[in-house]
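The values are calculated or read from the model by the stated rules, or taken from the named source; none is laboratory data. Treat the numbers as computed from the prediction; the structure is a model and nothing was measured. Using ideal geometry, Cβ is built from the backbone for each residue, glycine included, and neighbour counts are taken over all protein chains shown.
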């Protein structure tokens with residue numbers, strides 16, 4: 001118990017340190033780094049599976065409670081862009097994952113989950129459930145996430161919209177301001193609301209685990225809390241609960257990183273190169289397709305295909321002067337599909353690989 005308290009305390013301190021340094025996904029990344037350093041130095045890190053279960057339940061709830069009736073109402077108008085986006089994402093996920101499996105020493109589950117598009121918080125634990133290496137998945141997901149939140153927006157800031165391009169105004173409306181973004185709205189809610197949401201998340205996770213589908217703990221929580229959100233639109237997930245879950249998830253992952261894992265890091269060079277090159281090609285091709293096929297402005301088109309969270313996209317889009325609420329709606333649906341459906345596809349494919 002003392003080792004558990006030390007591990008979580010170190011995860012919380014290092015997580016909030018990285019968070020205040022403005023590192024993308026700083027809480028979880030910081031918790032991983034802090035607890036990994038603690039475990040490598042002392043071998044004393046202890047985080048039981050019950051912690052993993054709770055963090056999965058809240059991670060699923062964070063996606064589920066990010067879904068709204070307005071998002072559902074907007075879905076019919078976005079079916080074609082969403083179809084292209086999801087087709088591109090599963091294609092790059094499978095292509096890069098299978099190349100990693102072919103040209104590196106990673107097993108098939110780890111290879112496919114490490115490039116899951118936009119699931120840093122949940123991908124490592126989904127990999128662990130499916131028998132993959134969650135440490136390697138966490139490291140490679142950080143590379144993919146950094147590419148999405150840092151490199152792509154930086155490149156996009158140098159792009160100029162084509163003055164001769166006529167945008168399709170059905171995909172153009174004012175974006176949610178950063179202060180009103182989903183991440184900011186999640187601070188509300190009293191104690192009874194919090195208890196209800198946690199009960200729904202845990203119940204959904206137990207149901208998903210009982211059914212036995214890949215990533216069922218997260219998927220069950222996401223679907224049940226999404227249903228609650230649609231029935232009771234005013235429900236929100238307090239940001240403090242979400243951040244606590246990130247600390248716990250990061251502590252769980254970091255607490256399982258050993259000296260041997262550190263020694264094996266150079267072996268991830270090929271997967272890193274494949275992820276960077278694969279997602280860069282995907283971003284260029286899908287961004288141009290969104291612009292030409294559906295009439296998005298150039299910056300909006302390239303932003304729409306970045307696999308990052310809705311809160312991150314709201315802030316990035318505002319910084320780049322892009323005003324388009326459809327970007328946020330597409331990101332919400334992307335997260336739902338990537339978290340709920342992609343693991344089922346990847347699990348099916350992994351069973352047929354030698």
For this session: Quick one: residue 41 ticks every box in (1) in a helix (DSSP H, G or I); (2) in contact with a helix residue (DSSP H, G or I) (Cβ under 7 Å, 6 or more places away or on another chain); (3) under 21 Å from residue 247 (Cβ atoms) except a single one, so which number is it?
Result: (2)
For this session: Tell me which residues, restricted to region 129-149, are within 19 Å of residue 345 (Cα to Cα) and not in a loop (DSSP other than H, G, I, E, B).
Result: 129, 134, 137, 141
Exercise. Scanning for something in contact with a helix residue (DSSP H, G or I) (Cβ under 8 Å, 6 or more places away or on another chain), free of Cβ contacts under 8 Å to residues at least 60 places away in the same chain and within 22 Å of residue 123 (Cβ to Cβ), does region 307-328 turn up at least one residue?
Worked result: yes
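Okay, residues lined up against (1) farther than 30 Å from residue 278 by Cβ; (2) free of Cβ contacts under 8 Å to residues at least 60 places away in the same chain; (3) not in a loop (DSSP other than H, G, I, E, B):
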{"position": "27", "(1), (2), (3)": "no, no, yes"}
{"position": "78", "(1), (2), (3)": "no, no, yes"}
{"position": "84", "(1), (2), (3)": "no, no, yes"}
{"position": "91", "(1), (2), (3)": "no, no, yes"}
{"position": "100", "(1), (2), (3)": "no, no, yes"}
{"position": "106", "(1), (2), (3)": "no, no, no"}
{"position": "112", "(1), (2), (3)": "no, no, yes"}
{"position": "127", "(1), (2), (3)": "no, yes, yes"}
Exercise. Of all residues in region 201-221, which are under 21 Å from residue 337 (Cβ atoms), under 21 Å from the mean Cα position of the chain (by Cα) and modelled with pLDDT of 85 or more?
Worked result: 201, 204, 205, 208, 220, 221
Seminar exercise, completed: Picking from 112, 84, the residue that is within 28 Å of residue 325 (Cβ to Cβ) and at pLDDT 90 or above would be 84
Exercise. If you scan region 150-169, which residues turn out to be in a helix (DSSP H, G or I) and either in contact with a strand residue (DSSP E or B) (Cβ under 6 Å, 6 or more places away or on another chain) or modelled with pLDDT of 75 or more (or both)?
Worked result: 151, 152, 153, 154, 155, 156
For this session: Output yes when any residue across region 89-104 is modelled with pLDDT of 80 or more, under 30 Å from residue 199 (Cβ atoms) and over 21 Å from the mean Cα position of the chain (by Cα), and no when none is.
Result: no
For this session: Any chance you could count how many residues in region 1-25 are crowded, with 16+ Cβ neighbours inside 10 Å and assigned to a loop (DSSP other than H, G, I, E, B)?
Result: 3
Exercise. Quick check: is even one residue across region 51-62 outside any helix (DSSP H, G or I) and within 24 Å of the chain's Cα centre (by Cα)?
Worked result: no
Exercise. Would you say residue 250 is modelled with pLDDT of 85 or more and assigned to a helix (DSSP H, G or I)?
Worked result: no
Seminar exercise, completed: Taking region 61-70 and keeping residues crowded, with 18+ Cβ neighbours inside 10 Å and at pLDDT 80 or above leaves 61, 64
Exercise. Do the conditions hold for residue 79, that is, is it surrounded by fewer than 23 Cβ atoms within 10 Å (Cβ to Cβ) and farther than 25 Å from residue 333 by Cα?
Worked result: no
